[in-house]
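All of the numbers you see were taken from the coordinates with simple rules; none came from a lab. Fair warning: this is a prediction, and the values are worked out from it, not measured in the lab. Cβ sites come from the backbone with ideal geometry, for glycine too, and all protein chains shown count toward neighbours.
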């Protein structure tokens, strides 16, 4: 949607993105997986693939793709999985890693989230190589219980997700012996091709205000 894109552009990281890489339609998918996968999303997916192709052609050695999306809505779940399948067709030998926000009945926006998630997981089983599951309920739980935030904002939740993504991709960005690229990570973590859904753990986790007086013991880690 144009409003969402404007919010990204106006945000602190708006200048990081190339202006002509923003692709959007005039309406969202209305929390409807089929609308995102077959109608609204299908109209946009060729434009998105053109952008992806252009960026891929600029790479010296393309390892793979990382996609962040939610499984509860219409666009992230419906169009997100459509895009994953199209990229898989176009680049069959490249790795596909997804960071998928999984819905929860306790922290729910819409009544159709279970349907959207079920339809999306079916697509991810077939077309993704590594799926890092980020649990919506756990994000709120961590913010409230561990970080002691009484009313967590989207910024707080996004900060947690960014910490997870940063931790997972550290081995790609810095020199190391193990898991040094997306393919090696999959070799070490995936027992069977269809069993590629990972739960994410993070330690030590403390709130920003507690750093100065909190000691982390070895058993806690």
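Please give the length that would be gained between residue 150 and residue 61 if that part of the chain were fully extended, namely 0.36 nm times their separation in residues minus their C-alpha to C-alpha distance (nm, one decimal).
Length gained between residue 150 and residue 61: 27.5 nm.
Counting just the Cα atoms, what span does region 15-137 cover along each of its three principal axes? Round to the nearest Å and put the largest first.
For region 15-137, the Cα spread along each principal axis is 45, 31, 29 Å.
Quick check on packing: order 181-191, 50-60 by the mean number of other C-beta atoms within 10 Å, highest mean leading.
Output ranking for 181-191, 50-60: 181-191, 50-60.
With the Cα gyration tensor of region 86-221 in hand, convert its eigenvalues to equivalent ellipsoid semi-axes via √(5λ) and list them largest first in whole Å.
Values for region 86-221, descending: 29, 23, 12 Å.
Could you state, as a whole-number percent, how many of the C-alpha pairs of region 2-210 are farther apart than 26 Å?
For region 2-210, the share of Cα pairs beyond 26 Å comes to 39 percent.
Determine the calculated [θ] at 222 nm for the chain from helices alone, applying -39500 (n - 2.57) to every DSSP H run no shorter than 4 residues and normalising by the residue count; nearest 500 deg cm²/dmol.
Computed mean residue ellipticity for the chain: -12500 deg cm²/dmol.
Please work out the Cα center distance from region 13-40 to region 136-179, rounded to the nearest Å.
Going from one Cα centre to the other spans 24 Å.
Label point 7 Å out from residue 54 along Cα-to-Cβ: which residues of region 15-34 have amide N under 12 Å?
The answer is 18-23.
Remind me, relative contact order of the chain in percent, using alpha carbon pairs under 8 angstrom and six or more residues apart?
Relative contact order of the chain: 17 percent.
Note down the relative contact order for region 1-60 as a percent, whole number, built from C-alpha pairs under 8 angstrom at least six residues apart.
28 percent
I need the calculated FRET efficiency for the pair residue 195 and residue 138, taking r as the beta carbon distance and R₀ as 22 Å, to the nearest 0.05.
Result of the calculation: an efficiency of 0.60.
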